[in-house]
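Working notes, beginning with the structure itself.
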Amino acid sequence: PGLVKEFVRQYPYIKYIQHKKNRGKGAAVKTGMYKASGEYLIFTDADDTYTPDHIMQVVQNLKAGREIVIACRHGQGKQRTEGESHWRGWQGKAFNLLVRMLLLPGIKDSQCGLKGFSRPAAAQIFSRQKTQGFAFDVELLALARHLHLQVSEIKVAGIDCQGSTVSHLLAPLSMMLDLIRIKLA
């Protein structure tokens, strides 16, 4: 928080928002989207997996009239991102396959942490979003489909960030439960 607060002092267009209690990534992104200003709203993971060039690709696609632009990871060979462990890569591919089978046929990478929205699309989706955990990405895309919004994928070659604190056992279980809730809704 100290580094972010320093950026806020130097750059007044940066906003610092904090939940008093950790409510999950989905809740944090939703809050950020509600507080964001501008014609295009973009979120990305904070671990340097995606570069400013990747973000500019999203912006260019939004400026070209796309309603929603999501990044799709592709790395070297069979990896989704450069440097990703085999276990994490397998887990991600298996989850994405399940998501495609249950909810989002045709979406190759629902969990990629770089997504952009036109302001009208964001308003429609985030006002309906309920999932607070990691599967919120799936809900966003399922809502987009339900609302007949256009979702475009762009390929990016990200770099895996070491040191993730996400549980490799609990997070997938929680995401599975969220998938069931999203499917039932």
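The values are calculated or read from the model by the stated rules, or taken from the named source; none is laboratory data. The structure displayed is predicted, hence computed values, not measured ones. Backbone-built Cβ (ideal geometry, glycine too); neighbour counts: all protein chains shown. Ligands, DNA and RNA are excluded from the accessible area calculation, which covers all protein heavy atoms including side chains. Shrake-Rupley method; radii C 1.70, N 1.55, O 1.52, S 1.80 Å.
Annotation: of all residues in segment 104-129 being touching a residue at least 24 places away in the same chain (Cβ under 8 Å) and open to solvent by 40 Å² or more (accessible area, probe 1.4 Å), the one that is farthest from Lys35 (Cα to Cα) is Lys108. Annotation: Ala94 fulfils all but one of (1) farther than 17 Å from Val156 by Cβ; (2) at pLDDT below 85; (3) within 16 Å of the chain's Cα centre (by Cα); the unmet one is (3). Checked against the criteria, Gln57 counts as in a helix (DSSP H, G or I), open to solvent by 50 Å² or more (accessible area, probe 1.4 Å) and farther than 17 Å from Asp137 by Cα. Determine if segment 36-48 includes at least one residue that is open to solvent by 90 Å² or more (accessible area, probe 1.4 Å) and farther than 22 Å from Ile154 by Cβ. Checked against the condition, which is being open to solvent by 90 Å² or more (accessible area, probe 1.4 Å) and farther than 22 Å from Ile154 by Cβ, segment 36-48 yields no hits at all.
Screening segment 136-162 for residues that are open to solvent by 70 Å² or more (accessible area, probe 1.4 Å) and part of a loop (DSSP other than H, G, I, E, B) and picking the one that is modelled with the lowest pLDDT gives Gln162. Here Met33 meets each of (1) modelled with pLDDT under 95; (2) crowded, with 17+ Cβ neighbours inside 10 Å with one exception, condition (1).
The rows are residues; the columns are (1) over 19 Å from Leu104 (Cβ atoms); (2) β-branched (Val, Ile, Thr).
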{"position": "Gly24", "(1), (2)": "yes, no"}
{"position": "Met33", "(1), (2)": "yes, no"}
{"position": "Ala36", "(1), (2)": "yes, no"}
{"position": "Glu39", "(1), (2)": "yes, no"}
{"position": "Asp48", "(1), (2)": "yes, no"}
{"position": "Thr51", "(1), (2)": "yes, yes"}
{"position": "Met56", "(1), (2)": "yes, no"}
{"position": "Lys63", "(1), (2)": "yes, no"}
{"position": "Ile68", "(1), (2)": "no, yes"}
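Against the condition among the hydroxyl-bearing types (Ser, Thr, Tyr), more than 13 Å from the chain's Cα centre (by Cα) and either modelled with pLDDT under 85 or open to solvent by 60 Å² or more (accessible area, probe 1.4 Å) (or both), how does Ser174 come out, does it pass? Don't jump to the end; show me each part of the working.
Details: among the hydroxyl-bearing types (Ser, Thr, Tyr): yes; more than 13 Å from the chain's Cα centre (by Cα): yes; either modelled with pLDDT under 85 or open to solvent by 60 Å² or more (accessible area, probe 1.4 Å) (or both): yes.
So Ser174 fits the description; yes.
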